[in-house]
Amino acid sequence: MKTHAASFGDFRCGHCRNLVSAAHLLSGVNNRNHCPYCLWSCHLDLFAAGDRLSACKGQMKPVGLTMKKGRNKYRLGSGGELMLIHQCVECGTLSINRIAADDDPDSIMDVFHASRTLDRQIRIRCGEQGIVLLGDVEIVHAQLYGQFAEIPLLERF
Ligand SMILES: [Zn+2]
Ligand SMILES: [Zn+2]
């Protein structure tokens, strides 16, 4: 552990090198495992979120978004929770992670746009694991910026 961290529990993101504070680690989710700025994660868990049993330790890239179904499946668009899909750049493992309140919404939007041209191999792997890639910009936008926020024309294509 390097000594430049500002306080106990802080760490530097292995991808964008931003300092992630311990406060970020406590921002509304248990076992926060990704950087709030670039959204990259690290392959630490093996069986369940937070178990820290994986020997891989590879960086995990945010490759797309999915929706975790809410309890009321009849309330279209509002009943689910937006989730990040990460893929390990070392071993290819996919994982689904909750978005934290302080994750950068613009970065999440970037992940969404990039996922539209996602590698076929990754799409197939998602399909095999029952992960449905979100393709609807209106749902993503409403989740990130609020139900009635204007969608910039640029993002509508
Ligand atoms: Zn980062
Ligand atoms: Zn891995």
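Where a number appears in this text, it was derived from the coordinates with a stated rule and is not lab data. Everything quoted here is computed from the prediction, not taken from an experiment. Cβ: placed from backbone, ideal geometry, glycine included. Neighbour counts: every protein chain shown.
Under the rule of at least 5 residues apart or a separate chain, name every residue whose amide H is placed under 5 Å from the amide H of L65.
Under 5 Å from the amide H of L65 lie the amide H atoms of I85, L134, each far enough along the sequence or on another chain.
So, by mean Cβ neighbours within 10 angstrom, what's the order for 48-55, 145-152 with the highest one leading?
48-55, 145-152
Taking the Cα-to-Cβ direction at A101 and at A49 and moving 7 Å from each Cα, how far apart do the two end points lie in nm?
Each label point lies 7 Å from its Cα, and together they span 1.6 nm.
Using mean Cβ contacts within 10 Å as the protection proxy, how do 104-110, 119-125, 41-47 order, highest first?
Packing order, densest peptide first, comes out as 41-47, 104-110, 119-125.
I'd like to compare 81-88, 56-63: which one has the highest average count of other Cβ atoms within 10 Å, and what's the full order after that?
On the way: 81-88: 21.1, 56-63: 19.2.
Highest-to-lowest ranking by the protection proxy: 81-88, 56-63.
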